[in-house]
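Heads up: the structure comes next, in C-alpha cells.
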Amino acid sequence: MTKLFISDLHLSPSNPTLTQLACDLLNAKKNQVDEVYILGDIFNTWLGDDLVPDEFASFVATLQALSAQGIKLHLMVGNRDFMLGHAFAKTVGARLLDDGYLLDIAGHKTLLLHGDSLCIDDVSYQRYRRVVRNPVLQRLFLALPARFRQHISDKIKQKSQQKKQMKTAMIMDVNQAEVVRVMRERKIDLLIHGHTHRPAIHSLETQAGHKVHRVVLGDWQDKMSYLLIDDRQLSLHDHRVADEASQLRLT
C-alpha cells in the first residue's frame, strides 16, 4: 500500500499557479497511491467551511475525484487553516485527522503532526495557538459575517508577520528535546510533520540503542514537495534535499 504525504501547500486565491501545481501532483499520482495525507496548512487562510473561494474549485474537484476513485484521503489542520472543519472534509470525501494521529507503517508506530506543537521555544505562538484552538472561540468566529472574519484574519496575519521578523530561526524551529520527549512518551518509531519548511529525514536515539526517525515535509512555494512511502521504503521528493539524503529504508 503506497501512501503520499504533503504539507504546507499554502494555497491562496491569488496564486492559481500553485493550486494547479497541487492538482497536477495529485492527478499524476492517482494511479500509484492508495492513501493521501495532507498534514496542515493546505490553505494559507481559511475563514470557514461555508466560505470556500471559487478559485479552489479545481482543487476541490481533484480531491473529490481521488475519493471517488477509492483513494483514502486524510486531512489535518495547520496553523494557517485551523478553522478547516468536518464539513469541508465531507465535501471532498476525506477524513479529518486530529493533530497527533497514530498509524502503523510497515510495523512501525508512526505519529503524524502538523509540527507547530513542537516549536515550544516560540512561547508567544504557543500561547496564541491555545487561544485560537479553543472550540468556543472558533464557534463565535464562525458566527460572524464574512467581512468581519476577513478583517480579523488580516489583523492576525499582519501581527504574525511583524513578530516573525523579530524572531530567530531557532525559535521558530522544533525544539529537539521536545521531539525526543514526544517520541519517547508516545513510544513511536517514526514521526512525520511539516510546518517548519525545512524538509529533511532525521535519525536520532530516544533511548540507548533505540534509533527512530523524523521526516519533515517541505513547503511548496513554486515547486512540489512530497513524501512517498511504499511498504518499507520512504522517499522524500524535494529540490532542497540531496538524493543521498532523501531515502530511508525501514528495517
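Laboratory data are not the source of any read-out in this text; all were calculated from the coordinates shown. Source: prediction; values computed, not measured. As a convention, Cβ positions derive from the backbone with ideal geometry for all residues, glycine included, and neighbour counts pool all protein chains shown.
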Item to check | Fraction of beta bridges assigned by DSSP in the stretch 65-141 that are antiparallel (%, nearest 5) | outcome: 60 percent
Next on the checklist: Can you tell me the length gained on complete extension of the stretch Val180 to Asp54, counting 0.36 nm per residue apart and subtracting the Cα distance?
Outcome noted: 41.1 nm
Checklist entry - Given a Förster distance of 22 angstrom, what is the FRET efficiency for Asn15 paired with Leu96, based on the Cβ-Cβ distance and rounded to 0.05? => result 0.35
Checklist entry - Which whole-number percent is the relative contact order of the chain (Cα, under 8 Å, 6+ apart)? => result 21 percent
Checklist entry - Just from its helices, what would the mean residue ellipticity at 222 nm be for the chain, if runs of 4 or more DSSP H residues each count -39500 (n - 2.57) and the sum is divided by every residue, rounded to the nearest 500 deg cm²/dmol? => result -10500 deg cm²/dmol
Next on the checklist: So for each of 180-187, 152-159, 20-27, 75-82 I average, over its residues, the number of other beta carbons within 10 Å; can you give me the resulting order with the highest mean first?
Outcome noted: 75-82, 20-27, 180-187, 152-159
Checklist outcome for this item: Taking alpha-carbon centroids only, the stretch 173-217 lies from the stretch 1-59 a number of Å equal to 25 Å
Item to check | Student exercise, the chain dipole from Lys, Arg, Asp, Glu Cβ charges, in Debye to nearest 20 | outcome: 760 debye
Checklist outcome for this item: Once the dipole of the stretch 132-236 is set up from charges on Cβ (+1 Lys and Arg, -1 Asp and Glu), the residue from the list Val132, Met183, Leu236 lying farthest towards its positive end is Val132
Next on the checklist: Per 0.36 nm of contour for each residue apart, how much would the distance between Arg249 and Ala143 grow if the chain were fully extended, relative to their Cα-Cα spacing?
Outcome noted: 33.4 nm
Checklist outcome for this item: Mean-square fluctuation maximum in Gaussian network of the chain, Cα pairs under 10 Å, restricted to Ser225, Ser203, Ser160, hits Ser160
